[in-house]
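The values are calculated or read from the model by the stated rules, or taken from the named source; none is laboratory data. Keep in mind it's a predicted model, so treat the numbers as computed, not measured. We place every Cβ from the backbone using ideal geometry, glycine too, and count neighbours over all the protein chains shown. Heads up: the accessible areas ignore ligands, DNA and RNA and are worked out on the full protein's heavy atoms, side chains in. Shrake-Rupley method; radii C 1.70, N 1.55, O 1.52, S 1.80 Å.
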Protein chains: 2
Amino acid sequence: MVDTMREGWTELDGWTETEQAIAKEAFERAYGRAVERLVATVRDRTAALNSAESVWQLHDYLSIERHTMEGRFDFRLDGILFVFASLVKDELLTIKELTGLDAEKLAKIGAMSRF
Amino acid sequence: MVDTMREGWTELDGWTETEQAIAKEAFERAYGRAVERLVATVRDRTAALNSAESVWQLHDYLSIERHTMEGRFDFRLDGILFVFASLVKDELLTIKELTGLDAEKLAKIGAMSRF
């Protein structure tokens, strides 16, 4: 249902090839879920449109979501653990879907996702 | 179905009270139609959403429509004949709905609406 991510994937220093493959798949999965959630919200809001003001509120909502998603899924090494933590916190990903990353990375992601 | 216009109505020099009342009613009618057309288009486009890219295209569309509508319905004396002409051209208003304006104004609106 959703398109694949268009940005290239940066090589991650200090990550094994297996870890990178896991991270990439988890990332694309979370991205797909984020898009599905976004589309579902837009459909809900569209059903309730009844004025110019309500259309402009939808426009404002999309401005914010676009900014958030483009920032969140613009993948950079320095923030990758934080990105995964925020995806877990936001229920776009589970810790289980990151199984295969080394224990230290998983522990950091898990701890940050509870903040 | 649509909200009423929020901007105040500027007094129009050189227009009789009757003409102003006709202009105001025509203007609000066109605004209502513009909003209904906008909502219908958003609903159509929403039904076809299937990717982040398609959501961002909807966002771009709303940015343009918002800009257009806010400009078009920000009522100013110096451009009112042109505004009515563009509303007629865009099928948001008919010349008949402006009946009661003096012949010269109607002729100008009619002529410009055919460009």
query: Does A:VAL2 count as facing chain B (nearest Cβ under 9 Å) and at pLDDT 90 or above?
result: no
Among helices (runs of 4 or more DSSP H) entirely inside segment A:18-115, those with 3 or more residues being within 14 Å of another protein chain (Cβ to nearest Cβ) are A:52-72
Note on segment A:36-80: residues crowded, with 17+ Cβ neighbours inside 10 Å, under 20 Å from the mean Cα position of the chain (by Cα) and modelled with pLDDT of 95 or more are A:LEU38, A:VAL39, A:VAL42, A:LEU62
Expected output for segment B:23-44 (first residue among the hydroxyl-bearing types (Ser, Thr, Tyr), partner open to solvent by 10 Å² or more (accessible area, probe 1.4 Å), Cβ below 9 Å, 6+ apart or cross-chain) is B:TYR31/B:VAL2; B:TYR31/B:THR4; B:TYR31/B:MET5; B:TYR31/B:MET69; B:TYR31/B:ARG72; B:THR41/B:TYR61; B:THR41/B:GLU65
